[in-house]
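Just passing along the structure, written as structure tokens.
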Amino acid sequence: MPTSLIAGFALGFSLILAIGAQNAFVLRQGLRREHVFPLCLTCAVSDAVLIAAGVAGFGTLAQVLPWFETIMRYGGAIFLTWYGLRSLQSAWRGGAAMDVAKGQSASLRSVLLTVLAFTWLNPHVYLDTVVLIGSISAQYDDRLAFAVGAMLSSFVFFFSLGYGAGVLSPVFARSRAWQVLDVLIGVVMLTIALKLVAM
């Protein structure tokens, strides 16, 4: 069991570590210290559901529904493009981004709907969790322990990212830092959207 658990944790953590749309959003909300706990919990539980589906043998979904991958890919690209352009607009405004960071809070509903879109409209999430983790888990005798390890990595990662971001808050007391972050987030979103369309 420990071997399967550790292997699942290591694989899950390595897959989720790359900076993507979901991670960038969690980082930004962590810096703003807005709805961090429910946001991190939503991300981790979503991953857990997808990992469970993959390990349970639903990795063949794309084969059963050939149109599913195409719809998810273009839907994800449209959403990421919209969010990326919005981040770049926020960076262009500069001072306005800082005012938002200090004052007006995004509603919990808005934050959760946004991160659910980042999660469930991203075909790479399905490839990583459902297909890749699901297929690799078949190599281990204790698939349940492997799945638990992979799920645990999501909880550790997202809560570390969400709450660890607060350490950087003094840096983001300056509007210029928010502008740089918004530019980076915008570029990440648009790059991922372009890759989805080009697949």
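Fully extended, how many nm does the chain gain between TRP92 and ALA198 (0.36 nm per residue separation, minus their Cα-Cα distance)? Please list the in-between numbers first.
On the way: separation 106, 0.36 × 106 = 38.16 nm, distance 2.76 nm.
Net length gain for the segment: 35.4 nm.
Looking at the chain, do any whole DSSP H helices span at least 20 angstrom along their long axis by alpha carbon and average -1.0 or above on Kyte-Doolittle, and which? Mind showing how you got there, number by number?
On the way: long enough: 2-16 (21 Å, 1.66); 36-55 (28 Å, 2.03); 66-93 (42 Å, 0.00); 143-164 (31 Å, 1.44); 175-198 (34 Å, 1.59).
Span-like helices in the chain: 2-16, 36-55, 66-93, 143-164, 175-198.
Charges on Cβ only, +1 for Lys and Arg, -1 for Asp and Glu, centred on the Cα centroid of the chain; of ILE6, PHE79, MET151, which one is farthest towards the dipole's positive end?
Positive-most Cα among the choices belongs to PHE79.
List the trypsin sites (Lys or Arg not before Pro) within region 112-199 that DSSP assigns to loop and that have no more than 16 neighbouring Cβ atoms inside 10 Å. List each step's numbers first, then the result.
Numbers: sites: ARG143, ARG174, ARG176, LYS195; in loops: ARG174.
Hits after loop and neighbour filter: ARG174.
In nm, what is the difference between 0.36 nm times the number of residues separating VAL156 and ARG109 and their Cα-Cα distance?
Numbers: separation 47, 0.36 × 47 = 16.92 nm, distance 2.35 nm.
Between VAL156 and ARG109, full extension yields 14.6 nm more.
Starting from a Cα-only point model with no solvent, please compute log10 I(q)/I(0) by Debye for region 106-199 at q = 0.15, 0.16 1/Å.
Here the Debye-derived log intensity ratios amount to -0.88, -0.98.
Here's a follow-up. Can you give the Rg to Rh ratio of the chain, both from alpha-carbon atoms, with Rh computed by the Kirkwood formula? Write out the running numbers ahead of the final one.
Working: Rg = 17.5 Å, Rh = 17.5 Å.
Radius of gyration over Kirkwood radius for the chain works out to 1.00.
Work through the residues other than LEU181 whose Cβ is under 12 Å from its Cβ and net out their charges, Lys, Arg +1 and Asp, Glu -1. Could the numbers behind the result be given before it?
Working: positive: ARG28, ARG32, ARG174, ARG176; negative: ASP182.
Net of charged neighbours comes to +3.
Hey, another quick one. Only Cα pairs within less than 10 Å get springs; with that Gaussian network setup on the chain, which residue of SER154, SER46, SER14 has the largest fluctuation?
SER14
Kindly provide the helix-only [θ] at 222 nm of the chain, computed as the sum of -39,500 (n - 2.57) over DSSP H runs of four or more divided by all residues, to the nearest 500 deg cm²/dmol?
-24500 deg cm²/dmol
Local charge sum around THR3 (other residues, Cβ-Cβ under 13 Å, Lys/Arg +1, Asp/Glu -1)?
Net charge around THR3: -1.
Every number here is computed from the coordinates shown, using simple stated rules; none is lab data. Since the model is a prediction, treat every value here as computed from it, not as a measurement. Virtual Cβ from ideal backbone geometry, glycine too; neighbours counted across all protein chains shown.
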